[in-house]
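Take a look at the structure set out below.
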Amino acid sequence: MTLRGKAAVVGVTDAVSPTGELELTGRALEAQMVREVLDDAGLTLADIDGVCHHQSSIQFAEFLGITARFTDSTMTGGSVFEVYLEHAASAIAAGVAECILVVFAQTPRASRTAAKRRGGSGEMPRGRPGMWGGPNPMMEWEVPYGLQGPVGGYALSASRHMAQYGTTPEQLATIAVKTREWASLNPRAKSRDPLTVDDVLASDMIASPLHKLDCCLVTDGAGAFIVTTAERARDLRKPPVYVLGAATAHSHMMISQMPDLGTTPGSISGPKAFEMAGVKPGDVDVLMGYDSFTITQLLHFEDLGFCAKGEGGPFVESTNIGPGGELPTNTNGGGLSYTHPGMYGMFLVVEAVRQLRGEADARQVPDASIAVAHGSGMVLSCMSTAVLGTEAAL
Amino acid sequence: MARIEPEATEVTDAFWDATREQRYLVQWCGACGTPIFYPREVCPQCLSADALEWRESSGAGTVYAVSVQHRPANPTMVDRVPYVVALVEVDAGGGQAQTVRVMSNVVNCEPESVHVGDAVALTWEPLSDGRNLPQFEPAT
């Protein structure tokens, strides 16, 4: 596939001043650019389904209430906007998103003037910078209240899910227990001793309703993978594992801004990736879901379509997700029992590939041909779903 | 120990100044009639920057989600454990049933007694500079 003719630039704007200084700064200036470029293109904000921003595309999308299916905060310096154009065209050609917004504002002169007007030295704008140097409303609207990160956000989601759907602590604990069964088959797993629901419920409460054993490990970890063309992959040493479908979605940065604490953006990325792959949840042999906490995995079952919304609790009671079960889930032992070095998504892909190659030793799922790696970023903020398959699944 | 205190921005100065008089303001877009939280430079619904305004909330709220913190999020919260962090749907001050959802603490009660759906009312905790931090307590 070539990108030629697959995408076009349909709106442009910019802001400059002969004095070299603009009146607006920061988000206000970015918002002005958005208004103008939408007008230039004849589009509305609702048309936008992809965002590129060099500080944080998630924070910027949250600011305008955009739910995005394509996201890029790649940072390469001054060339980054050409990079965004390339990425956006690729994404559009591939059907990942239809209308991608690239926005930028930087005002060293006006920011200095404004700071001086407010009585400061003019060296630094007020407000603590965000993780990527942009505005950081979290410091103003969440941090003062003392929610533990990251467990507190997941605990709030779990409390909401329990109240809305009747999900129980026992049902959440079942996920930890079944995941531990997988870990017991993996000599490289951190936690391998058998676990019961009572063990989970008896462990320390960290942030109600989540106990210590509802939480992932904190370990060291590392990994890598290589992607190449299908044609070339067929000539290499190991059987190819093909990307059958992939999709991403994010809806918020702060847990307090999550549109519905019982539904993740995986409800968008999951069906999109499955549709692209031409598979249904029932076709999946191995599910690798990012299990930062038991509630995270429960939400994945619902949002990826393995059960209806709200049915995650009864689902884990009636469906064996452990060894020998109907839906082998987190077969390496997961973030809950295998490893979790802070960013666990690497290990989802590695285990999915091992299963599809038949390299999973005692935990091998027989004849696995389709695996899903479903990652979760921030606080249920950014979900990315990859459907992987063997030659037989093509 | 004093907790981490919110640092206002140009956009939110009005909100925090009002807390000195224990008034809770909600930002609204006058152009499209939408309550906005967190307050920001532009309405996320219609992108208007010219019609943003403040309306005063009654302080009545409903617990949307709740978690009791059994470990402190940072050293300033050690003496408060266990304490309640909740998402509260608070009256947006528009004279209608509209709310905005905010993070806060629920205080003046047993931590484990707070549940999703509970009615709560605004209360305040003094900050070091004369501002007040919005808090909630069970509605009487």
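When the helices in chain A are scored as -39500 (n - 2.57) per DSSP H run of 4 or longer and the sum is shared across all residues, what 222 nm value do you end up with, to the nearest 500 deg cm²/dmol?
Here the helix-only value at 222 nm equals -10000 deg cm²/dmol.
Once you have the Cα-Cα distance between residue A:394 and residue A:357, take 0.36 nm times their residue separation minus that, and quote the gain in nm to one decimal.
Separation in residues times 0.36 nm, less the Cα-Cα distance, equals 11.9 nm.
Would you mind getting me the FRET efficiency between residue A:16 and residue A:309? Use the beta-carbon distance for r and R0 = 45 Å, nearest 0.05.
0.40
Peptide A:202-211: average number of partner chain Cβ atoms within 10 Å per residue?
Other-chain Cβ atoms within 10 Å of each residue's Cβ, averaged: 4.
Does chain B classify as rounded, prolate or oblate by the C-alpha gyration tensor (a ≥ b ≥ c root eigenvalues; a/c under 1.5 gives rounded; else a/b over b/c gives prolate, otherwise oblate)?
Here chain B falls in the prolate category.
Give me the percent of DSSP beta bridges within chain A that run antiparallel, rounded to the nearest 5. Don't jump to the answer; show the numbers that get you there.
Working: 20 of 32 bridges.
If I count the DSSP bridges inside chain A, around 60 percent turn out antiparallel.
By its C-alpha gyration tensor, with a ≥ b ≥ c as the square roots of the eigenvalues, how is region A:315-362 shaped: rounded for a/c under 1.5, else prolate for a/b larger than b/c, else oblate?
oblate
In what sequence, highest mean first, do A:245-258, A:188-201 appear when ranked by Cβ atoms within 10 angstrom?
Descending mean neighbour count gives A:245-258, A:188-201.
Where does chain B land at 222 nm, in deg cm²/dmol rounded to the nearest 500, when only DSSP H runs of n ≥ 4 count, each adding -39500 (n - 2.57), divided by all residues?
Helix contribution divided over all residues of chain B: -1000 deg cm²/dmol.
Quick check of the Kirkwood formula: for region A:222-325, what is the inverse mean of 1/r over all pairs of different Cα atoms, in Å?
15.8 Å is the Kirkwood radius here.
Can you tell me how much longer the chain between residue A:233 and residue A:67 gets when fully stretched, taken as 0.36 nm per residue apart minus their C-alpha distance, in nm with one decimal?
56.3 nm
Note down the nm distance, to one decimal, between modelled labels 7 Å out along Cα→Cβ at residue A:197 and at residue A:224.
4.5
Answer rounded, prolate or oblate for region A:168-246, using the Cα gyration tensor with square roots of eigenvalues a ≥ b ≥ c: rounded when a/c is under 1.5, else prolate when a/b is larger than b/c, else oblate.
In terms of gyration-tensor shape, prolate.
For chain B, which cysteines have no disulfide-compatible partner, meaning no other cysteine Cβ under 4.7 Å?
Cys with no partner Cβ under 4.7 Å: B:109.
With labels modelled as points extended 7 Å from the Cα through the Cβ direction, what inter-label distance (nm, one decimal) is found for residue B:140 paired with residue A:23?
Simple spin-label model gives 4.9 nm for this pair.
All other residues with a Cβ under 10 Å from the Cβ of residue A:184 taken together, and with Lys, Arg as +1 and Asp, Glu as -1, what is their net charge?
+1
Which whole-number percent of Cα pairs in the protein assembly as shown have a distance greater than 46 Å?
16
Any read-out appearing in this document is the output of simple, stated calculations on the displayed coordinates, not a laboratory observation. All of these numbers come straight from a predicted model, not from anything done at the bench. Backbone-built Cβ (ideal geometry, glycine too); neighbour counts: all protein chains shown.
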